[in-house]
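The values are calculated or read from the model by the stated rules, or taken from the named source; none is laboratory data. Because the structure is predicted, anything quoted here is derived from the model rather than measured. Ideal geometry is used to build each Cβ from the backbone, glycine not excepted, and the neighbour counts take in all protein chains shown.
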Amino acid sequence: MANRAVPVIIQLVIFYLVISWLARLVRRNRQRAPTGKPVSEPRPGAAPSSSTPPAPVEPSPQGGAVRREELTFNGVLWQVTFRPHRDLAPGARSLRRDVYVEEPPRCPKCRLGVVETQSWLGYLWSCPACGRRQRSSKSSRAVAEALARSLH
């Protein structure tokens, strides 16, 4: 009996690895491919939802203005603060800006912060109020850092 148990266990482990690999492949393709869902009207100042970061925003004409925006990225809302970069050189005016992305992201439906849980397929962001769920291969911290780098 023990002679048959080992090959069965090996088959189960290989089957599990193949199924998990296929599930990840499907999830990644679903994130990259545009969905046929109707797009709601975007709010002023918010970028449309996409799997790629929104295009960097040009600095405002007034040099010292702090700007806050709400961007939709990876299916959730992110609060982003743009601040002018402080350059300590005398007389130098910098066009760079510092970008801060608040965590956790917010649910686009009810605007409540989402709860992040780690699953075997990555991370699951769920809204405690309306139950809306969004999967991500990266944690909210990693996504917020990537979004800040892309908007910098």
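I need the full set of residues from the range 1-55 which are modelled with pLDDT of 85 or more and of a type in the set (Lys, Arg), in order please.
Arg24
Can you name every one of the strands (runs of 3 or more DSSP E) wholly within the range 92-152 that holds 2 or more residues which are within 22 Å of Arg24 (Cβ to Cβ)?
115-119, 122-126, 133-136
Which of the residues spanning the range 127-151 are hydroxyl-bearing (Ser, Thr, Tyr) and surrounded by 16 or more Cβ atoms within 10 Å (Cβ to Cβ)?
Filtering the range 127-151 for residues hydroxyl-bearing (Ser, Thr, Tyr) gives 136-137, 139-140, 150.
Scanning the range 127-151 gives Ser136, Ser140.
Modelled with pLDDT of 85 or more, in the same structural domain as Ala144 (by TED's automatic domain parsing), closer than 19 Å to Ser150 by Cβ and of a type in the set (Lys, Arg): is that true of Arg96 in this structure?
Criteria not met by Arg96.
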